[in-house]
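Participant: Submitted below is the structure of interest, expressed as structure tokens.
The values are calculated or read from the model by the stated rules, or taken from the named source; none is laboratory data. Predicted model only: the values in this text are computed from it and were never measured. Every residue, glycine among them, receives a Cβ derived from its backbone with ideal geometry; neighbour counts consider all protein chains shown. Protein only, heavy atoms only, side chains kept; ligands, DNA and RNA dropped before computing areas. Shrake-Rupley method; radii C 1.70, N 1.55, O 1.52, S 1.80 Å.
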Amino acid sequence: MGQSPIQFDRASGALEGANLWERTAALALATGSKISSHFSHRGYIGCANLLRKTLAERNIAIKLNEDAVFEFPYGDGYWSKLLNRSYHYEDELELLFRHSSDVDYTLIDCGANYGYWSVLVSSRPFGAHRAIAIEPSSQNFPKLANNAHVNGDRFETMKCAIGARRGTAHLTGTKHEAFSIAGGANAGGEEVPVIALDDLIDEGKIASDGRYLIKLDVEGVEVEAIKGGSRLLAGDSVILCEEHGNDPDHTVSRYILEQTPLQLIVYDPRSNRLETVTELSILDRIKVSTHVGYNVFGTQSAFWQNRISALNADAARRMQ
């Protein structure tokens, strides 16, 4: 990589190894996140990526906690929000992961990007869990592999996409956080191998009777991915899917609710609880921004349903 990475500690705010311009940029990136957080960070990525053009190419290593380091190219529009110490990335997922630190589970991190959740969930404060990070993009995968390496190679990486069945697909997109195989072969792009979630059982990567949290950040092929994991999802698994803010039909949630045996659960910021959804209209209220994703959970596991009930009880106690 040439220059060693800039170091930033989210707990203390200490920034080390940066020159004057890089320090100025860090202040701009953090301030921009604070200001744009009032309107769901609209415009932030574009502004950050413009600023990035003025910076030398090097990584920043963000210390997420005392046992987790997350590296990415300095100035990256998607991840630079982490320089704002009050920013929480997908806090409803962090809520579940933190509360599950004492559970013996494996994270299956599909569409892992640079590996943020695999880094965090495999760290000691989150329970030092086994994680399998799956990412199809040739552009993203080296950054994912680097994050595995800087954290002692404590999580596994696989270079493939997740779909309904084994095969190949074409990966397209201009933003590293939004590459997708949804366009089909005619869309061009990079040809990537595809596996189904249940193939992980058949390949001996995971046991069918284990406990799993399955993060599905697969940009438009969530339904296909769920179809390919029916055996895995019949056990002690929770699927964590993105429901897109610009989808008024709530396609992913509708499929989970109407076409699968899974219970649909969504984080409701009004009650600070993970609510079981029987009526999709609740999503009309929760999905307030069209340009962001909202996480919904699906499970038919009594074990995980009980854990989520306990998490809600803890949240209620904290609010008292």
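Participant: Quick check: Cα centre of the range 1-44 to Cα centre of the range 182-223, how many Å?
Facilitator: Answer, in whole Å: 33.
Participant: Provide, in order from the shortest bin, the percent of all Cα-Cα pairs of the range 185-247 in each 5 Å bin, continuing until the bin that contains the maximum pair distance.
Facilitator: With 5 Å bins starting at 0, P(r) equals 4, 15, 25, 22, 16, 10, 6, 2.
Participant: Using a Förster radius of 30 Å, what is the FRET efficiency between S37 and E275 based on their Cβ-Cβ separation? Nearest 0.05, please.
Facilitator: Using R0 = 30 Å, I get an efficiency of 0.80.
Participant: Mind putting a number on the dipole of the chain about its Cα centre? Charges go on the C-beta only, +1 for Lys and Arg and -1 for Asp and Glu, and I need it in Debye to the nearest 20.
Facilitator: On the way: 32 positive and 41 negative charges, 170 e Å.
About 820 debye.
Participant: Here's another thing I want to ask about it. Please state the Cα pair-distance histogram of the range 1-47 with 5 angstrom bins from zero: what percent is in each bin?
Facilitator: 5, 19, 23, 20, 19, 11, 3, 0
Participant: Can you tell me, using C-alpha contacts under 8 Å and at least 6 residues apart, the relative contact order of the chain as a whole percent?
Facilitator: Relative contact order of the chain: 12 percent.
Participant: Hey, another quick one. Taking R0 as 30 Å, what FRET efficiency do you get between H149 and V103 from their Cβ-Cβ distance, rounded to the nearest 0.05?
Facilitator: 0.65
Participant: Under the classification rounded if a/c is under 1.5, otherwise prolate if a/b is larger than b/c and oblate if not, where does the range 176-218 fall, given a ≥ b ≥ c as square roots of the Cα gyration tensor eigenvalues?
Facilitator: prolate
Participant: With all protein chains present, how much of the accessible area of the range 209-294 (probe radius 1.4 Å) comes from carbon and sulfur, to the nearest whole percent?
Facilitator: Values: 1670 of 3690 Å².
Carbon and sulfur together cover 45 percent of it.
Participant: If you wrap a convex hull around the alpha carbons of the range 97-255, what volume per residue comes out, as a whole number of Å³?
Facilitator: Value for the range 97-255: 114 Å³ per residue.
Participant: With a ≥ b ≥ c taken as the square roots of the eigenvalues of the C-alpha gyration tensor of the range 39-78, please select rounded if a/c is under 1.5 and otherwise prolate if a/b is larger than b/c or oblate if it is not?
Facilitator: Oblate, since a/c reaches 1.5 and b/c is not below a/b.
Participant: Also, I was wondering about something else. Assuming a viscosity of 1.306 mPa s and a temperature of 10 °C, what translational diffusion coefficient in µm² per second does Stokes-Einstein assign to the range 53-146, Rh being the Kirkwood radius over Cα pairs? Before the final figure, lay out each step's value.
Facilitator: On the way: Rh = 14.0 Å.
The calculation lands on 113 µm²/s.
Participant: Leaving out same-chain residues fewer than 8 places away, which lysines sit with a Cα under 29 Å from that of K81?
Facilitator: Within the straight-line cut-off, K81 pairs with K34, K53, K63, K143, K159, K175, K215, K287.
Participant: If you don't mind, another one. When the Karplus curve 6.51 cos²θ - 1.76 cosθ + 1.60 is applied with θ = phi - 60°, which whole-Hz ³J(HN,Hα) does each residue of the range 190-200 get, with x for Gly and Pro?
Facilitator: Once rounded to whole Hz, the list reads 7, 6, 10, x, 10, 10, 8, 4, 5, 5, 5.
Participant: Sort the range 125-219 into rounded, prolate or oblate with this rule: let a ≥ b ≥ c be the square roots of the eigenvalues of the Cα gyration tensor; rounded if a/c is under 1.5, and if a/c is not under 1.5, prolate when a/b is larger than b/c, oblate otherwise.
Facilitator: Cα axes put the range 125-219 in the oblate bin.
Participant: Compute the Rg to Rh ratio over the chain from the alpha carbon atoms, using the Kirkwood formula for Rh, and round to two decimal places.
Facilitator: A ratio of 0.95.
Participant: Follow-up question, since we're still on this one. Could you report the chain's accessible area per residue, 1.4 Å probe, as an integer in Å²?
Facilitator: In whole numbers, the chain has 44 Å² accessible per residue.
Participant: Hey, another quick one. Excluding R231 itself, calculate the net charge of residues whose Cβ lies under 12 Å from the Cβ of R231, where each Lys or Arg counts +1 and each Asp or Glu counts -1.
Facilitator: In short, -3.
Participant: Antiparallel DSSP bridges in the chain: what percent, to the nearest 5?
Facilitator: Bridges in the chain that DSSP calls antiparallel: roughly 55 percent.
Participant: Show me, for the range 170-181, the HN-Hα J-couplings you get by feeding each phi into the Karplus relation (A = 6.51, B = -1.76, C = 1.60, θ = phi - 60°), rounded to Hz, glycine and proline as x.
Facilitator: Those phi angles translate into 10, 9, 10, x, 10, 10, 4, 8, 9, 4, 8, 9 Hz.
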